[in-house]
Amino acid sequence: MKNQAWIKDRKSQMLHYASWDRRSILLAAKVLSRDEREKWLAPLVKSESLSRMDKWMADWVIAGAPPDYFDYDDDIPF
């Protein structure tokens, strides 16, 4: 739906959501501008607040969610 208002409303409270909801918020962040994504997600990736899967997904979204990002030599946490 590319609803930027939805993601902007939830990004400040993302850590209060359950894991599947956090991943939905991270995935929805693809619609934000590159600068806004990086400024919001980069500190989260460096913090201990997110799980390894959430951090990996945040890195993927920061990279622009490229379809060829899935390198099986990567440290995917599953």
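No lab work stands behind these numbers, since they all come straight from the coordinates. Source: prediction; values computed, not measured. Cβ atoms come from the backbone with ideal geometry, glycine included; neighbour counts cover every protein chain shown.
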Quiz prompt | the chain - mean residue ellipticity at 222 nm from DSSP helices (-39,500 (n - 2.57) per run, n ≥ 4, rounded to 500) | solution = -15500 deg cm²/dmol
Exercise. Check cross-link reach from K46 to the lysines: straight Cα distance under 24 Å, and skip same-chain residues fewer than eight apart.
Key: K8, K11, K30, K55
Quiz item: Looking at the stretch 7-52, which GluC sites (Glu not before Pro) are DSSP coil and have at most 15 other C-beta atoms within 10 Å of their C-beta?
Solution: E48
